[in-house]
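Report on the following structure.
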Amino acid sequence: MSNQELVVLGRTGGSEECCPGPLAAPLGEEQAVELAKAFKALGDPVRLRLLSMIASQAGGEVCVCDLTPAFDLSQPTISHHLKLLRQAGLIDCERRGTWVYYWLLPETTDRLAGVLTALAGEPPSDRAGTAGAAS
């Protein structure tokens, strides 16, 4: 079966034929490596908590001085975790005087969510109705 046939299988028609989702074809090696960095960064509970704290801040950004007290970790350890989140493209930051402010990069988190949704093959609301029918 060719890749082109894989792209066509499961299509229901409509706008998705014109505008394919993020997984209209299997991931290439470069895409997989890039996405794996972001997923790996989220695989640590401290980094996942940091990301959620940054994302939930009113105003969209938070000072590192507000993040550090929430953990029983040293400031250099928190900085290391934040650096890994930045390298993965999940957050960005800016130094303002002696403090560094962080904010979420929603384009990256949206892309990760899109990949997971596409891998599932159907919207979560559709699966909920069919989960009981399969058992």
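The values are calculated or read from the model by the stated rules, or taken from the named source; none is laboratory data. Model, not experiment: these values are computed from the prediction. We place every Cβ from the backbone using ideal geometry, glycine too, and count neighbours over all the protein chains shown. Ligands, DNA and RNA are stripped out before the accessible areas are found, and what is left, the full protein with its side chains, is counted by its heavy atoms. Shrake-Rupley method; radii C 1.70, N 1.55, O 1.52, S 1.80 Å.
Compute the accessible area per residue over region 46-101, keeping the other protein chains in place, probe 1.4 Å, unit Å².
On the way: 3170 Å² over 56 residues.
Normalised by residue count, the accessible surface of region 46-101 is 57 Å².
What does the extension gain come out to for residue 58 and residue 34, with contour length at 0.36 nm per residue minus their alpha carbon separation? Please list the in-between numbers first.
Values: separation 24, 0.36 × 24 = 8.64 nm, distance 2.93 nm.
My answer for the length gained is 5.7 nm.
Note on residue 92: accessible area approximately 50 square angstrom, rounded to 10, probe 1.4 Å, nucleic acids and ligands left out. When the Cα positions of 78, 112, 67 are compared along the charge dipole of region 55-128, 78 comes out farthest toward the positive end, with charges on each C-beta of Lys, Arg, Asp and Glu.
With R₀ fixed at 25 Å, the C-beta to C-beta distance from residue 75 to residue 96 puts the FRET efficiency at about 0.90.
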